[in-house]
Amino acid sequence: MRQSRRKPYRKKRFRLWKFLAGLFFFFAVAGVAGLGYLYNTVSANIPDVMQLKHYSPSLITTIYDINSRQIAQFYVEKRILKNLNEIPPLARQASIAIEDDNFYNHHGIDFAGIARAAWVDIKAGAIVQGGSTITQQVAKLIFLTQERTFKRKFRELLLALQIERYFTKDEILEIYLNQIYYGHGAYGIEAASRMYFDKSANELTIGEMALLAGLPKAPSHFSPFKNPTGAIRRRNIVIGRMAELGYITPQLAAQALNERLRLAPKVQVTNLAPYFAEHVRRYIEKEYGSTKLYHEGLNIYTTLDLDWQEKAQAALKKGIEATDRRLGYRGPAKWIDPDEKIDWNEINPSLGRIPKAKWFKPGRMFRGVVQHVGKKEIFFSINGELKKIGKDGFGWAHPVNPHKDGRWAKKIRDARKIGLKEGDIIEVRVVSSPKSGGTRYHLAQTMKVQGALLSIDYTTGAIRSMVGGYDFQQSSFNRTVQARRQPGSSFKPIIYAAALDKGLTAASVIIDAPLIFEDEIGEFKNWKPANFSHKFFGPTTVREAVTHSRNVVTIKVLKHIGVPYVAEYARRLGIQSPLDENLSLALGTSSVTLQEMVSTYGVFANQGVRNEPYFIERIENSAGRTIAAHTPAPKQVMPANTAYIVNSIMQSVVKEGTGKKVKVIGVPAGGKTGTTNDFLDTWFIGFTPGVVCGVWVGKDREEVLGKNETGSRASAPIWLDFMKEVVEVMPNIPFTPPADVAFARIDKKTGALSTPDNPNSIFEVFKETDIPQSYEPPEPLF
């Protein structure tokens, strides 16, 4: 009986053991097979880690001015590549201490760290903690995405093992410190150091090194700009780990813990010449491609002078605002019901991104809501605060009337006459008070007037300043090179230069009298051109015709020497835009760019030598090797004696003609105004020794600027504001006449030789072969 009872018991125990053994074997085989399948699946598509031998991350392309000062940067990732030996040892150890303190001992995987992270992941049911070594982070940064899956993690482990097999620890650490993201667009320790502390990594204190080392875990959360308390707490953890590992002494740790946080300004100027920088960017992208521009860390050394550029931008801004105000006030932006709640985020979206203490910084413009209008004050609210505009801030705001000369508009003394009412949304500019040093508020408006300024060193062709518009943020259209506008009378010197090479002289006399083209066909049949003043002045010398911008005389000269000849002559001087080959060319009706006109005037100043405008001196790659450089190619495009005579005539324009507003500049200067029909475009282009500068003012849409808004009124003051600063740093060298010109005393009315006792006598300049031979007044040419 006992034996019969034991047999079933043994049989049962044997079956249970077999079941457990089989189950273990099944799971073991399945696990190995699963790992093998996972390994085969993942390793088949694993990237080749030998790509790291050619590690070339995206770098910053930097544009510099003529004095190697930074103008702007272009990048996908803001990174400055550094070799490991250029990074301080303590900065390296700070990252190792907080990210992977066993870095120099493991083979790419820290199993203790993985076990710790795995337990957290199992409890969470997902990948929530990495436990990644620096090598694993390099694998993930270079080869993998940020997705959190077990398959991606397994790929990371395999890649880490392979990276450790083929690369040294220092090579891996160098890649990590150049690749990792530190927040606010900064990649790599050098870019982060400059962005947060405005210094190179080799200048960092221990506390600053520790702060940077703590950022990669959560750059946004630990940002010292956004969360200084959290950043310091994280920094102190890193300092503690450095001390525990023996990287720093307890004394140094204590000093680092007590360091004050001294950050660079959060808002850093990254583009000091936006129109110029965009001009450079477009050129580099066209010539070399976007990869080279945005990834290869070029250093582009340009011709721009930031000192000149700053003055040019200020002068153009001031001049455009003056012209826009002179034309009158166009009224409020819109009206809202004063009984409804005001949505300030909608009215002033930009102010929400600015600290409240900086809302009323002089120069800033914002929108306010009118609360009350009295005789002497306009009260308005801005984001809940009540402010006021006094008489000095609204006196300019007369009504717009394109048929009246805004220069003589009456100053507004009663704010109620402006027509504002409660609920109107107005634009307001903050200005500084010259007496109290505080702030005041002026009624303002978005500019409809636009403008451009370009200056060139005509002895080389180097562009020294370029301002393509009033505000790059509103419009990136570069009006110095992209806009083609009618130059008006500023084209006349080209015609007279061509005429001097066809036998005319500065003393040649032409009759300024009514003219009708009865024999012409098309739009010019029965054409009756007139002067700007609608008067005629009889016998007129070439010098006088240019000085006072006589239209009829210029048309006669053009007809005499031939339109095709002048068109070809203009192209030789630098005009590349298509020209309408008809008599209206005399009035500057063919559209050209500002750069073309400025470059052409440079020929007159440079004794007939043309230097093609250029803006890049050289381009270096990230290793400092020059890959492109400017090669000067001066070309004599007109006789030196012709250029000098034109130069001399244009100095008369400044001394006593349409450009006399700028004669106060105090150095030899020549130039010419330009104004088109209906006051659509206004120009002033002029030169002083070494520099030629041009200004255009108008509207982007070809609309009337305003009655009597001429080149003399709208453009010349901008030129003067800029150039009076420039001539202070330029040598005052007179224009030297070439050897083959001569001076003779003539009667400025008749062009004949004259005696000293003649009150109308002047010294005129001629080519040696063209000096007058008679005291008898010659017959007018035509």
Search result, residues across the range 479-496 that are open to solvent by 10 Å² or more (accessible area, probe 1.4 Å) and closer than 30 Å to Pro274 by Cβ: Val481, Gln482, Ala483, Arg484, Arg485, Gln486
Residues of the range 379-398 satisfying the condition of being under 36 Å from the mean Cα position of the chain (by Cα), assigned to a strand (DSSP E or B) and surrounded by 15 or more Cβ atoms within 10 Å (Cβ to Cβ): Phe380, Ser381, Ile382, Lys387, Lys388, Ile389
Among (1) touching a strand residue (DSSP E or B) at 6+ places or on another chain (Cβ under 8 Å); (2) open to solvent by 10 Å² or more (accessible area, probe 1.4 Å) - the single one Thr459 does not satisfy: (1)
First in the range 203-223 and more than 12 Å from Ala253 (Cα to Cα) and aromatic (Phe, Trp, Tyr), second anywhere and open to solvent by less than 30 Å² (accessible area, probe 1.4 Å) and not in a helix (DSSP H, G or I), Cβ under 7 Å, 6 or more apart: Phe222/Leu215
Residue in the range 515-532 that is under 30 Å from Val741 (Cα atoms) and open to solvent by 10 Å² or more (accessible area, probe 1.4 Å) present: no
Hey, Val704 farther than 25 Å from Pro639 by Cα, out of contact with any Cys (no Cβ under 7 Å at 6 or more places or on another chain), surrounded by 21 or more Cβ atoms within 10 Å (Cβ to Cβ) and among the β-branched types (Val, Ile, Thr) or not: no
Tally of residues being among the small types (Gly, Ala, Ser) and either open to solvent by less than 70 Å² (accessible area, probe 1.4 Å) or in a strand (DSSP E or B) (or both) across the range 50-67: 1
Residue that is farthest from Asp457 (Cα to Cα), among those in the range 586-598 that are open to solvent by 10 Å² or more (accessible area, probe 1.4 Å) and of a type in the set (Ser, Thr, Tyr): Thr589
Number of the exception - Ile561 against (1) modelled with pLDDT under 95; (2) within 23 Å of Ala507 (Cα to Cα): (1)
Hits in the range 533-555 (condition: open to solvent by 40 Å² or more (accessible area, probe 1.4 Å) and over 18 Å from Pro487 (Cβ atoms)): Ser533, His534, Lys535, Phe536, Phe537, Pro539, Glu544
Qualifying residue in the range 150-170 (condition: more than 19 Å from Ile46 (Cβ to Cβ), touching a strand residue (DSSP E or B) at 6+ places or on another chain (Cβ under 9 Å) and assigned to a helix (DSSP H, G or I)): no
Any hit, the range 672-685, residues being part of a loop (DSSP other than H, G, I, E, B), in contact (Cβ under 8 Å) with a residue 12 or more places away in the chain and of a type in the set (Lys, Arg): no
Qualifying residue in the range 328-350 (condition: modelled with pLDDT of 90 or more, part of a strand (DSSP E or B), closer than 30 Å to Val695 by Cβ and open to solvent by less than 60 Å² (accessible area, probe 1.4 Å)): yes
Some residue of the range 497-512 being open to solvent by 30 Å² or more (accessible area, probe 1.4 Å) and over 18 Å from Val566 (Cβ atoms): yes
Answer residue from the range 607-635, given it is within 30 Å of Arg79 (Cβ to Cβ) and assigned to a loop (DSSP other than H, G, I, E, B) and is most open to solvent (accessible area, probe 1.4 Å) among those: Arg625
Residue count, the range 206-221 (criterion: open to solvent by 50 Å² or more (accessible area, probe 1.4 Å) and more than 25 Å from His295 (Cβ to Cβ)): 2
The range 142-171, subset among the aromatic types (Phe, Trp, Tyr) and surrounded by fewer than 18 Cβ atoms within 10 Å (Cβ to Cβ), residue modelled with the highest pLDDT: Tyr166
Unique residue being closer than 30 Å to Glu617 by Cα, in contact (Cβ under 8 Å) with a residue 12 or more places away in the chain, in a loop (DSSP other than H, G, I, E, B) and of a type in the set (Gly, Ala, Ser) when the list is Ser465, Ser475: Ser475
Considering residues of the range 724-759 that are assigned to a loop (DSSP other than H, G, I, E, B) and touching a helix residue (DSSP H, G or I) at 6+ places or on another chain (Cβ under 8 Å) only, the residue most open to solvent (accessible area, probe 1.4 Å): Lys748
Thr658 vs. criteria open to solvent by 10 Å² or more (accessible area, probe 1.4 Å) and β-branched (Val, Ile, Thr): yes
First in the range 325-347 and among the small types (Gly, Ala, Ser), second anywhere and open to solvent by 80 Å² or more (accessible area, probe 1.4 Å), Cβ under 6 Å, 6 or more apart: Gly328/Pro399
From Val741, Val691, residue being closer than 18 Å to Asp307 by Cα and in contact with a strand residue (DSSP E or B) (Cβ under 7 Å, 6 or more places away or on another chain): Val691
Residues that are at positive phi and open to solvent by less than 20 Å² (accessible area, probe 1.4 Å), drawn from the range 281-327: Gly297
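The values are calculated or read from the model by the stated rules, or taken from the named source; none is laboratory data. Worth saying up front: this structure is predicted, and the values here are computed from it rather than measured. As a convention, Cβ positions derive from the backbone with ideal geometry for all residues, glycine included, and neighbour counts pool all protein chains shown. For the accessible areas, the whole protein counts, side chains as well, though only heavy atoms, and no ligand, DNA or RNA atoms are used. Shrake-Rupley method; radii C 1.70, N 1.55, O 1.52, S 1.80 Å.
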